[in-house]
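Written out below as structure tokens is the structure these notes cover.
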Amino acid sequence: MSHIGFSAHALSAADVDRLDFEKMNGLLPAVVQDGGGAVLMLGYMNREALIQTFARARVVFFSRSRGRLWEKGETSGNTLDLVSVRADCDGDALLVTARPRGPVCHLGTATCFGAQRPAAAPLAFLGELESVIAQRIADRPEGSYTARLYGQGLKRMAQKVGEEGLEVALAAVAETEEKLIGESADLLYHLLLLLRSRGLSLERVAEELASRHAGQR
């Protein structure tokens, strides 16, 4: 059994049988993080839990106390939408990236390690914003700009990205730094919404950038 190269790419259902489930009697520890890298929780997956995670596009664990599969949020509604799964170099531990729909911890906090996000990660808010956008789309709360724009369709969202991109360019050459920052924030928000509407994530964009950088070495 070869586990070489697991850490270099996201797994798919086709990779499940290559993982080392035997080391921990059929279970793999699964660390769950959001798109910004904040650690949300730790769970365990057996082979079937991982297969169901891919099949449902939501994170499914094996509950050791209940002795059965358990989809995170199956009673609370605070599910974890799957973004990607990676294995460590030995193929016996998993790193799951997910978009949380609501608090992850049963105590009501954003993570099982407390409510505070890592102080060193202001960019991590982009992952949190992706989760907020996903929840607005799912819940369609009254008065939500996100829900309203999403409801206007892909062409309108694409148009907004184009408009905001032009505003950024104009601000760069003719406005203050504060104006440029504000317009850039608008562009990032609308880009995240557009990506979400196509079932894509900022992580996929980052992976593409990383791949291009690696190819230039």
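Part of a helix (DSSP H, G or I), free of Cβ contacts under 8 Å to residues at least 60 places away in the same chain, out of contact with any His (no Cβ under 7 Å at 6 or more places or on another chain) and among the β-branched types (Val, Ile, Thr) - does that describe any residue in segment 150-161?
Looking through segment 150-161, none of the residues is part of a helix (DSSP H, G or I), free of Cβ contacts under 8 Å to residues at least 60 places away in the same chain, out of contact with any His (no Cβ under 7 Å at 6 or more places or on another chain) and among the β-branched types (Val, Ile, Thr).
Right, Ser131: over 29 Å from Asp17 (Cα atoms), hydroxyl-bearing (Ser, Thr, Tyr) and buried (at least 18 other Cβ atoms within 10 Å of the Cβ) or not?
Answer is yes for this residue.
If you take the residues of segment 45-82 that are hydroxyl-bearing (Ser, Thr, Tyr) and buried (at least 17 other Cβ atoms within 10 Å of the Cβ), which of them is nearest to the chain's Cα centre (by Cα)?
Filtering segment 45-82 for residues that are hydroxyl-bearing (Ser, Thr, Tyr) and buried (at least 17 other Cβ atoms within 10 Å of the Cβ), the one nearest to the chain's Cα centre (by Cα) comes out as Thr79.
Keeping to segment 19-40, report how many residues are surrounded by fewer than 21 Cβ atoms within 10 Å (Cβ to Cβ), within 18 Å of His106 (Cα to Cα) and not hydrophobic (A, V, I, L, M, F, W, C).
Looking only at that region, the number is 1.
I'd like the full set of residues that are more than 16 Å from Leu129 (Cβ to Cβ), aliphatic (A, V, I, L, M) and loosely packed, with under 15 Cβ neighbours inside 10 Å, limited to segment 163-194.
If the condition is that a residue be more than 16 Å from Leu129 (Cβ to Cβ), aliphatic (A, V, I, L, M) and loosely packed, with under 15 Cβ neighbours inside 10 Å, then Leu166, Ala169, Leu170, Ala172, Val173, Ala174 are the ones that fit.
With respect to Leu200, determine if the residue is outside the structural domain of Gly37 (by TED's automatic domain parsing), surrounded by fewer than 15 Cβ atoms within 10 Å (Cβ to Cβ), outside any helix (DSSP H, G or I) and touching a helix residue (DSSP H, G or I) at 6+ places or on another chain (Cβ under 9 Å).
yes
Please go through segment 45-98 and pick out each residue that is part of a loop (DSSP other than H, G, I, E, B) and small (Gly, Ala, Ser).
Ala57, Ser65, Gly67, Gly73, Ser76, Gly77, Gly91, Ala93
Can you find a residue in segment 102-120 that is over 25 Å from His190 (Cα atoms) and under 15 Å from the mean Cα position of the chain (by Cα)?
yes
The values are calculated or read from the model by the stated rules, or taken from the named source; none is laboratory data. Keep in mind that what you see is a predicted model, and the values were worked out from it rather than measured. Every residue, glycine among them, receives a Cβ derived from its backbone with ideal geometry; neighbour counts consider all protein chains shown.
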